[in-house]
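Before any comments, here is the structure.
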Amino acid sequence: MLAAAIGTEPRIADTASGIRIEADLPTELTETAHTAVLAALATADHFGHTLTRTTEFVWAEISREATVTAPDSPDAAYRDLLGHTTKCAACRAGSACPTAAKLVRAWRETRR
């Protein structure tokens, strides 16, 4: 989702507390790209925007606190979503993807 919106691959770090994703922002974002970035960030447990003299990026963190060992855990559902969006041509192009929409709903359901 982020890659399609900003045109570059985000950095993904697996940390002790969860998964952290950072994505550098281009100087100009279209309204569509801006909406896509906000939608991607909204799926995280924590997210933000960092602006320094030399860089500007958004970040999102998915906590391990909600992770359980069942196959339908939030962590597994989110990994399914990430796996799909990195391979799907529609997702990478920033187009509407019904499969991604279903995976987002499934991930949100596992977090309840």
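Return a yes/no flag: does the range 1-13 have any residue that is open to solvent by 70 Å² or more (accessible area, probe 1.4 Å), of a type outside the set (Gly, Ala, Ser) and farther than 22 Å from Gly83 by Cβ.
No, because not a single residue in the range 1-13 is open to solvent by 70 Å² or more (accessible area, probe 1.4 Å), of a type outside the set (Gly, Ala, Ser) and farther than 22 Å from Gly83 by Cβ.
Does Ala93 meet the test of being touching a residue at least 12 places away in the same chain (Cβ under 8 Å) and open to solvent by less than 80 Å² (accessible area, probe 1.4 Å)?
Numbers: touching a residue at least 12 places away in the same chain (Cβ under 8 Å): yes; open to solvent by less than 80 Å² (accessible area, probe 1.4 Å): yes.
Criteria met by Ala93.
So which residues in the range 100-112 are of a type outside the set (Asp, Glu) and open to solvent by 70 Å² or more (accessible area, probe 1.4 Å)?
Kept after step one, since they are of a type outside the set (Asp, Glu), are these residues of the range 100-112: 100-108, 110-112.
Those that are of a type outside the set (Asp, Glu) and open to solvent by 70 Å² or more (accessible area, probe 1.4 Å): Lys102, Arg105, Arg108, Arg111, Arg112.
Mind checking which pairs have a first residue in the range 9-27 that is of a type in the set (S, T, N, Q) and a second that is surrounded by 14 or more Cβ atoms within 10 Å (Cβ to Cβ) and assigned to a strand (DSSP E or B), Cβ under 7 Å, 6 or more apart or different chains?
Going by the 7 Å Cβ cut-off, the qualifying pairs are Ser17/Ser63.
Anything in the range 14-24 that is open to solvent by less than 90 Å² (accessible area, probe 1.4 Å) and either of a type in the set (Phe, Trp, Tyr) or closer than 19 Å to Thr85 by Cα (or both)? List them, or say none.
Taking the range 14-24 as the starting set, the residues that turn out to be open to solvent by less than 90 Å² (accessible area, probe 1.4 Å) are 15, 17-24.
Passing the criteria: Ile19, Arg20, Ile21, Glu22, Ala23, Asp24.
List, please: which pairs have Cβ atoms under 8 Å, are six or more places apart or on different chains, and start with a residue in the range 34-48 that is within 17 Å of Glu9 (Cα to Cα) and free of Cβ contacts under 8 Å to residues at least 60 places away in the same chain and end with one that is open to solvent by 40 Å² or more (accessible area, probe 1.4 Å) and among the hydrophobic types (A, V, I, L, M, F, W, C)?
Ala36/Met1; Val37/Leu29; Ala39/Met1; Ala40/Met1; Leu41/Phe47
Can you confirm whether Ala23 is at pLDDT 90 or above and either under 10 Å from the mean Cα position of the chain (by Cα) or not hydrophobic (A, V, I, L, M, F, W, C) (or both)? Outline the logic, then answer.
Values: at pLDDT 90 or above: yes; either under 10 Å from the mean Cα position of the chain (by Cα) or not hydrophobic (A, V, I, L, M, F, W, C) (or both): yes.
Judged against the criteria, Ala23 is a match.
The values are calculated or read from the model by the stated rules, or taken from the named source; none is laboratory data. Keep in mind the model is a prediction, meaning the values are calculated, not measured. Because the Cβ atoms are built from the backbone with ideal geometry, glycine has one as well, and the counts that use them run over all protein chains shown. Ligands, DNA and RNA are excluded from the accessible area calculation, which covers all protein heavy atoms including side chains. Shrake-Rupley method; radii C 1.70, N 1.55, O 1.52, S 1.80 Å.
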